[in-house]
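Visitor: Structure incoming, see below.
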Amino acid sequence: MKKTILLIHTGGTISMAMSAEGAVMPNKENPLMKESNKLNSLATIIEIEAFNLPSPHITPKEMLQLRNLIMEQTTATQIDGVVITHGTDTLEETAYFLELTTNLAIPIVLTGAMRSSNELGADGIYNLMEAIRVAVDDEARDKGVLVVMNDEVHLAINTTKTSTSSVNTFQSPQYGPIGLITKSRILFHHAPIRRQYVDINNLSKRVAMLKVYAGMEEDLLDVVLECKYEGVVLEGLGQGNVPPSVVKGIESLIQRNIPVVLVSRCFNGIAEGVYGYIGGGKMLEDLGAIFATGINGQKARLKLLIGLNTTGEPLNLKDFFL
């Protein structure tokens, strides 16, 4: 008996076409909507177009809308898996948002394309078919939100876009893919140890993110206060260090109960409080800064945003980021 897959389209390169002038642009009609005959052999498809946006246009508001759509559809109908087509620029952020805000056992799989629908070697329909194959695989259950691209399966928490144009752009630094896709099977070789879930229904509070650099000016953190952000993520140097010039600004934010979360701007390794000099991670930790474990800046920003907007009792943010 064929499984039922909820297929949600959100736009992105996978649904675009290249013009005669060489500009990749959204189509009036999503070309993937015409490919259902190729997909029906894999599963019974329930197809919805949530929106048709280039991924730089997608905000947490659309991510929450997508999350609510998934929860509504899976509550109303017997669905065995969810596949979402998405632009690649912010795909990892939507995937991680859904990882933290859904608690379903069924697979939720995101995919996209690096080449538009009418380019030579277009990878969209191939990635979509592979995503559906993963979503109907029994072994994909209880593994959290997944990203499928270029014959690989990645966890939303680990994967990031690493190349501007390569079809092999999605990688999971330090961890690698959790599964490989062949012509005949899906081979999973490890699974997440734990998952986190947060119940949210609005995103009224805001979080800023700044990349730390040598000689960073101290007044940049004043902007966070002046613009009334409720939290800030800093992509720190090395293991989570900053120049001395911004320490006073960090301390000022923390004293005003504005959480400051530190990650590393490095691809590999974990940010933690080690160095005790002025601006060192240990000093910042002693001031009350929070270190995010094993995620990059854009994901830490989403995690803090979700943590600050949780429904019900406020979260212990330090524990939340462990």
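Visitor: Could you tell me which residue of the range 116-138 is modelled with the lowest pLDDT, considering only residues that are touching a helix residue (DSSP H, G or I) at 6+ places or on another chain (Cβ under 7 Å) and farther than 14 Å from residue 42 by Cβ?
Guide: Selected residue: 117.
Visitor: For the range 226-239, which residues satisfy the criterion of being farther than 18 Å from residue 272 by Cα and open to solvent by 50 Å² or more (accessible area, probe 1.4 Å)? So that I can check it myself, show each step before the final result.
Guide: If we filter the range 226-239 for residues that are farther than 18 Å from residue 272 by Cα, which is where we start, we get 226-231.
Selection gives 226, 227, 228, 229, 230.
Visitor: Output the residue which, of all residues in the range 2-13 that are at negative phi and in a loop (DSSP other than H, G, I, E, B), is least open to solvent (accessible area, probe 1.4 Å).
Guide: Here is the first cut: in the range 2-13, the ones at negative phi are 2-10, 13.
After this cut, where a residue has to be in a loop (DSSP other than H, G, I, E, B) as well, the list is 2-3, 10.
Values: 2: 105, 3: 55, 10: 0 Å².
So, considering only residues that are at negative phi and in a loop (DSSP other than H, G, I, E, B), the one least open to solvent (accessible area, probe 1.4 Å) is 10.
Visitor: Looking at the range 262-296 only, could you name the residues that are surrounded by fewer than 22 Cβ atoms within 10 Å (Cβ to Cβ) and assigned to a helix (DSSP H, G or I)?
Guide: The answer is 282, 283, 285, 286, 287.
Visitor: So, one more: Has the range 14-33 got at least one residue that is open to solvent by less than 40 Å² (accessible area, probe 1.4 Å), assigned to a strand (DSSP E or B) and among the hydroxyl-bearing types (Ser, Thr, Tyr)?
Guide: Checking the range 14-33: not a single residue is open to solvent by less than 40 Å² (accessible area, probe 1.4 Å), assigned to a strand (DSSP E or B) and among the hydroxyl-bearing types (Ser, Thr, Tyr).
Visitor: Right, something else. When the range 297-322 is examined, which residues are found to be in a loop (DSSP other than H, G, I, E, B) and touching a residue at least 60 places away in the same chain (Cβ under 8 Å)?
Guide: As a first pass, look at the range 297-322 and keep what is in a loop (DSSP other than H, G, I, E, B): 309, 311-316, 321-322.
Residues satisfying the conditions are 309, 311, 312, 315, 321.
Visitor: If you don't mind, another one. Considering every residue within the range 310-321, establish whether at least one is open to solvent by less than 10 Å² (accessible area, probe 1.4 Å), hydrophobic (A, V, I, L, M, F, W, C) and modelled with pLDDT of 95 or more.
Guide: yes
Visitor: Scan (1) of a type outside the set (S, T, N, Q); (2) open to solvent by 10 Å² or more (accessible area, probe 1.4 Å); (3) free of Cβ contacts under 8 Å to residues at least 60 places away in the same chain for the single condition residue 203 breaks and write down its number.
Guide: (3)
Visitor: Quick check: anything in the range 168-186 touching a Gly at 6+ places or on another chain (Cβ under 7 Å), on the phi < 0 side of the Ramachandran plot and surrounded by 14 or more Cβ atoms within 10 Å (Cβ to Cβ)?
Guide: yes
Visitor: For the range 144-161, name all the residues that are open to solvent by 10 Å² or more (accessible area, probe 1.4 Å), within 12 Å of residue 99 (Cα to Cα) and in a loop (DSSP other than H, G, I, E, B).
Guide: Within the range 144-161, 157, 158 meet the criteria.
Visitor: Of the residues that sit in the range 240-261 and are open to solvent by 40 Å² or more (accessible area, probe 1.4 Å) and of a type outside the set (Ser, Thr, Tyr), which one is farthest from residue 206 (Cα to Cα)? First the steps, then the outcome.
Guide: As a first pass, look at the range 240-261 and keep what is open to solvent by 40 Å² or more (accessible area, probe 1.4 Å): 244-245, 248, 251, 255-257.
Those left that are additionally of a type outside the set (Ser, Thr, Tyr): 244, 248, 251, 255-257.
Values: 244: 26, 248: 22, 251: 19, 255: 18, 256: 15, 257: 14 Å.
By that ranking, first place goes to 244.
Visitor: Only residues that are open to solvent by less than 40 Å² (accessible area, probe 1.4 Å) and part of a loop (DSSP other than H, G, I, E, B): list them for the range 104-119, please. Outline the logic, then answer.
Guide: Filtering the range 104-119 down to residues open to solvent by less than 40 Å² (accessible area, probe 1.4 Å) leaves 104-114, 116.
Answer for the range 104-119, where residues must be open to solvent by less than 40 Å² (accessible area, probe 1.4 Å) and part of a loop (DSSP other than H, G, I, E, B): 104, 105, 106, 107, 112, 113, 114, 116.
The values are calculated or read from the model by the stated rules, or taken from the named source; none is laboratory data. Since the model is a prediction, treat every value here as computed from it, not as a measurement. Cβ atoms come from the backbone with ideal geometry, glycine included; neighbour counts cover every protein chain shown. Quick note on the areas: whole protein, heavy atoms, side chains included, nothing else; ligands and nucleic acids left out. Shrake-Rupley method; radii C 1.70, N 1.55, O 1.52, S 1.80 Å.
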